[in-house]
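Here the structure comes first, spelled out in structure tokens, and everything after it is commentary.
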Amino acid sequence: MSAEPLEATRLAEQGASKRAPVVSVSGVTHRYGESVAVDDLSIDIPAGLMVGIIGPDGVGKSTLMALIAGSKKIQQGKVIALNGDMADARHRRDACPRIAYMPQGLGKNLYFELSVQENVDFMARLFGLSAAERPVKVKELLDATGLGPFPGRPAGKLSGGMKQKVGLCGALVHEPDLLILDEPTTGVDPLSRRQFWSLIDDIRAGRPSMSVIISTAYMDEAQQWDWIVAMDAGKVLATGTPAELMARTGTSDLEKCFIQLLPEEKRTGHVELTIPPRPEGKKEVAIDAKGLTRRFGDFVAVDHVTLTIERGEIFGFLGSNGCGKSTTMKMLTGLLPPTEGSATLFGQSVEAGSIEVRNNIGYMTQAFSLYGELTVRQNLVLDARLYHIEPKKAQERIDQLVEKFGLGPYMDALAGDLPMGLRQRLSLAVAVLHGPPLLILDEPTSGVDPVARDSFWELLIDLSRNQGVTIFVTTHFMNEAMRCDRISLMNAGKVLACDDPKKLIEARGAATLEEAFIGYMEDAIGASAAGKTEEAAQAAADKALEKPEPKHLSGIALRIGRMLAYSANEAMQILRDPVRLAFAFVGSAVLMLVFGFGITTDVEHVRYATFDQDQSPESRAYLQQFAGTPRYFLETRPVSSAEDALRRLQSDDISLVVEIPPTFGRDLLRNARPEVSAQVDGANTFRGETVSQYVQGVQDKALQDPSNGLDLKPPKYRANFQDRYMYNPTFESVYAIVPSVPPILLILIPAILMAISVVREKELGSIINFYVTPTARLEYLLGKQLPYIAIGMLNYFILVIMAVAVFGIPIKGSFLMLTLITLLYVTTTTGLGLVISTFVSSQVAAVFITAIITLVPTIQFSGLLQPVSTLAGNAKLVGTIWPTTYYMHASKGAFTKGLGPDLLMPDVTFLAICIPVLWAVSTLALRKQEK
């Protein structure tokens, strides 16, 4: 950074209180249910400074920043940002182009199927950069962040640090006046953190009026900023420059300063942590890895790693993001087989999937992975049962851990309701419950306040020094790495160094472990490559000063541009997601085959058996009438008894038994009205009734046909009826079923895909881009909807081709009119999916709710089973207003009845009315802010 901005920063620190506030918060309270996240908070944040909000997870930092950014709805109090009330929708819309917000979480505002370049270009389109501006601006930002060589890499395949850089590029693409960064470097290695902040410093040098508000859990970062807000339990503990706060508390660094600022009850009993030396004596090897290598295709994730870790040692595993730490840990613990090399655990070979290896390991993930809906006691008991610990022994072990970890007062509290520090203690207790000799901890104190972090490390030290447990820990906190007996530094799959932290610092001639870490990383990747980011950033900043003010899109062009940006984004995600792509196209084709061939109302080839107890010429002639109708009846072997007949009916071997009594022939010849018994399987009422009608038809034909061999007198009067069926001369159900399938599939699949599309953004967090950009509700909804309308229309053409080519059902009516009605119908069904997505928050719920809402009315009330005109009451009302009713009429009419445009106009009219109604409901129901 140049001398002028540094001098400006010093002056800002001296007069922060005299500056006009960029943000003013007054009496703000925000709750999640009964939990208070922000508690009657008031604060003025000075403009033009780098302002840090410090504190552990759960103290309200993210909520406060979201309220300032306008992504959360203000429940109580007032937030003034950029001279306007953030509760005012008009001000939020005007202020959005001047605010950039990067939410908490690695890549939370990114689309993982999209490339680096596509993610940043998408944000540029939302903020109205023209087609000529976007490539230049995107390249400039990628070069400045060191992402220039990776424009085509999918965001989902980036390391944590690179994801944060892409998120920052998206935030800076429109040159904001207020930059809000919510824990942007959590989980990011020191080298990437330094590059990140160098970029921010250089951009501020080019835009000295830009205000930056950042939250962080890294106190060493915050110590370098202009002004600090310390928070705890939703309240502000103190504000001021780092130097002022440290002078006020009489401390030498910001972490100790924060501890002193905490309420007395939270720091009672806290003493500075000391690490006793490891006990002398024979050193047993816990983990021995030789030449571990793991390849994924041509990519080498871990490259010939050799490590030896002793029993009872606290071993720190450090490295750059994406360097292969997680892959190495999986191989060392038997979760992943190595491509080359070997590893032993306490002298036994590590085999992937080995139960014995897993019994020797306790594993604690970075994210809380226990059952939040269970109590502390239930989580402990469950883990004991999973490891098959005897109940008596398990209870003794649980009692010991509860006392040692201070969990006694919380045994009946839900694990999900515990503060972060207690959650970590519970996670550690569960990890060591079965007494493993090796404990693996993946960034165990991320987001935990310094007091709780020290308390946690006291437990680790006790496990190591007094119980001989080997502790294998990954961390990005350099002060935690200093507490390890030894650490290894890893980059690009290779171990660069492995020794005592102090010795590594001495070897590099560095002042701190962070400097040593960065030095090793720079040596590994090359000094020129390491400096490339900073040089590019400075060049980008200089270029920004030279270039003229950009001309952004405005008016209707801007609105259409934002809508099409969402459409292009959604289309790319679909094309790169094989599951959604298969469901969209293969699913409809498969269901067409299943429904077309599998659903039929035809009752043919009815299996029947005879029970001829007469065995006369007359009985044989009568039974021959059934054998003479092969389309309807299929004869099987005769039954031998009434019991045999009942058994075969029960086993579904036959559906009909024709029983001839012993005196049939004699009674017939005497005109004594002989009786014949027909036993029909009536389990399926529709089929049973049809079979009964078939039997009656055979009976009537036998009585009327003089050539049947039965000596019957012809009836005195006789009439012949000739059946003629309109539109379906052969009376085959395929002509009714196949045209009914597209109305079902074109409401089910497009509506589900549409609902999932929006709900997926809610689950992954990328909907934050909608909250904090100028995108209007209708722009967002139509942009998301257009690709699914296209998918629906492609499905329509696929279904029509299958109906004609596979099932032989021709289109007799107007194909063009049917296509127009289909376009309106698909727009309506995707609109229904949009409505559902506004009140559903999970993808699983979206699938089930959409399936139920679309299928039940379609099957019951749309004319699939019976004409809507025959329905009554509420059933008829539903059928009258349900869109599928009208498309069902159009589809059947075009395929089977040859209906022309004039008779299909009522269907066009109703579906055209449905579209704006559904758009209006979706627009009103879609929130532009989180609660």
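Just the number, please: carbon plus sulfur as a percent of the accessible area of segment 769-861, 1.4 Å probe, no ligands or DNA/RNA counted.
On the way: 2620 of 3270 Å².
After summing per-atom areas, the C and S share lands at 80 percent.
Once you list every other residue whose beta carbon is under 13 Å from the beta carbon of Glu313, what net charge do they have if Lys and Arg are +1 and Asp and Glu are -1?
Values: positive: Arg278, Lys283, Arg311, Arg465, Arg483, Arg486; negative: Glu284, Asp288, Glu310, Asp485, Asp499, Asp500.
Net charge around Glu313: 0.
So, taking all protein chains as they sit and a 1.4 Å probe, how much accessible area belongs to Lys157, in Å² rounded to tens?
150 Å²
If you roll a 1.4 angstrom probe over the protein chains with everything in place, what fraction of the accessible area of segment 606-713 belongs to carbon and sulfur, to the nearest %?
Reported share for carbon and sulfur atoms: 49 percent.
For the chain, build the charge dipole from Cβ charges (+1 Lys, Arg; -1 Asp, Glu) around the Cα centre, then report which of Cys914, Gly167, Gln424 sits farthest towards its positive end.
About the Cα centre, the residue reaching furthest to the positive side is Cys914.
Taking the Cα centre of segment 5-267 as origin, work out the dipole magnitude from +1 charges on Lys and Arg Cβ and -1 charges on Asp and Glu Cβ, in debye rounded to 20. All intermediate terms of the calculation are to be shown ahead of the outcome.
On the way: 30 positive and 32 negative charges, 111 e Å.
Here segment 5-267 has a charge dipole of around 540 debye.
Please report the antiparallel percentage of DSSP beta bridges with both residues in segment 606-713, rounded to the nearest 5. Intermediate results must be reported in sequence, preceding the final value.
Details: 4 of 12 bridges.
Around 35 percent antiparallel, to the nearest 5.
Report, by chain and number, residues whose modeled amide H sits under 5 Å from the one on Lys72, excluding near sequence neighbours (fewer than 5 apart, same chain).
Residues meeting the amide H criterion: Leu67, Glu930.
Among Tyr796, Leu335, Phe477, which residue has its Cα furthest toward the positive end of the charge dipole of the chain, with +1 on Lys/Arg Cβ and -1 on Asp/Glu Cβ?
The Cα lying farthest towards the positive end belongs to Tyr796.
When the dipole is taken about the Cα centre of the chain, and only Lys, Arg (+1) and Asp, Glu (-1) are charged at their Cβ, what size is it in debye, to the nearest 20? Please report the intermediate quantities before stating the final value.
Working: 90 positive and 100 negative charges, 437 e Å.
Computed charge dipole of the chain: roughly 2100 debye.
From the square roots a ≥ b ≥ c of the eigenvalues of the alpha-carbon gyration tensor of segment 391-445, which class results: rounded (a/c under 1.5), prolate (a/b over b/c), or oblate? Walk me through the numbers before you get to the answer.
Details: a/c = 2.22, a/b = 1.07, b/c = 2.07.
Here segment 391-445 falls in the oblate category.
What residues have an amide H closer than 5 Å to that of Gly362, excluding those fewer than 5 places away on the same chain, when H is modeled at 1.01 Å from N in the peptide plane?
Excluding prolines and chain starts, which carry no amide H, the hits are Leu438, Leu439, Ile440.
Quickly estimate the mean residue ellipticity at 222 nm for the chain, helices only: each DSSP H run with n ≥ 4 gives -39500 (n - 2.57), and the total goes over all residues, rounded to 500. Could you put the intermediate results ahead of the total?
Working: 36 runs with 456 residues, N = 931.
Taking each H run of at least 4 residues, the total per residue is -15500 deg cm²/dmol.
Quick one: pull the percent of accessible area on segment 285-526 belonging to carbon and sulfur, 1.4 Å probe, ligands and nucleic acids left out. Before the final figure, lay out the partial values.
On the way: 5000 of 10210 Å².
That share works out to 49 percent.
Can you pull the Rg over Rh of the chain, Cα-only, Kirkwood? Intermediate values should be presented prior to the final figure.
Values: Rg = 37.4 Å, Rh = 33.5 Å.
Rounded to two decimals, Rg/Rh equals 1.12.
Name the residues whose placed amide hydrogens come within less than 5 Å of the amide hydrogen of Arg153, ignoring near sequence neighbours (fewer than 5 apart) on the same chain.
Val116, Gln117
Under a Cβ-Cβ cut-off of 14 Å, what is the net charge of the residues other than Tyr520 that fall near it, where Lys and Arg count +1 and Asp and Glu count -1? Spell out each step's value before the answer.
On the way: positive: Arg194, Lys494, Lys503, Arg508; negative: Asp189, Asp499, Glu506, Glu514, Glu515, Glu522, Asp523.
Here the count lands on -3.
Return the percentage of antiparallel bridges among DSSP beta bridges fully within segment 5-267, rounded to the nearest 5 %. Don't jump to the answer; show the numbers that get you there.
Working: 21 of 39 bridges.
Rounded to the nearest five, the antiparallel share is 55 percent.
Taking segment 606-713, how much of its Cα-Cα pair set, in percent, is spaced more than 20 angstrom apart? Before the final figure, lay out the partial values.
Values: 2173 of 5778 pairs.
It works out to 38 percent of all Cα pairs.
Got a sec to turn the phi values of segment 627-643 into Karplus ³J(HN,Hα) couplings, 6.51 cos²θ - 1.76 cosθ + 1.60 with θ = phi - 60°, whole Hz, x for Gly and Pro?
Whole-Hz 3J(HN,Hα) from phi for segment 627-643: 5, x, 10, x, 5, 9, 10, 10, 7, 10, 4, x, 8, 9, 7, 5, 5.
Give the lysines whose C-alpha is closer than 22 Å to that of Lys283, dropping any in the same chain fewer than 8 places away, or say none.
Those lysines meeting the cut-off are Lys502, Lys503.
Which pairs, out of Lys78/Lys931; Lys137/Lys928; Lys139/Lys762; Lys108/Lys157, put more than 18 Å between their alpha-carbon atoms?
With Cα atoms farther than 18 Å apart: Lys137/Lys928; Lys139/Lys762.
Determine the per residue accessible area of the chain with all protein chains present and a 1.4 angstrom probe, expressed in square angstrom. Each step should come with its number before you reach the end.
Working: 41970 Å² over 931 residues.
About 45 Å² of surface per residue is accessible.
For the charge dipole of segment 606-713, defined by +1 on Lys and Arg C-beta atoms and -1 on Asp and Glu C-beta atoms about the Cα centroid, which residue among Ala642, Ser619, Ala702 has the Cα displaced farthest towards the positive pole?
Looking along the dipole axis, the top candidate is Ala702.
The values are calculated or read from the model by the stated rules, or taken from the named source; none is laboratory data. The shown structure was predicted, so the numbers you read here are calculated from the model rather than taken from an experiment. Glycine gets a Cβ as well: all are built from the backbone with ideal geometry, and neighbour counts include every protein chain shown. Surface accessibility is based on the protein's heavy atoms, side chains included, excluding ligands, DNA and RNA. Shrake-Rupley method; radii C 1.70, N 1.55, O 1.52, S 1.80 Å.
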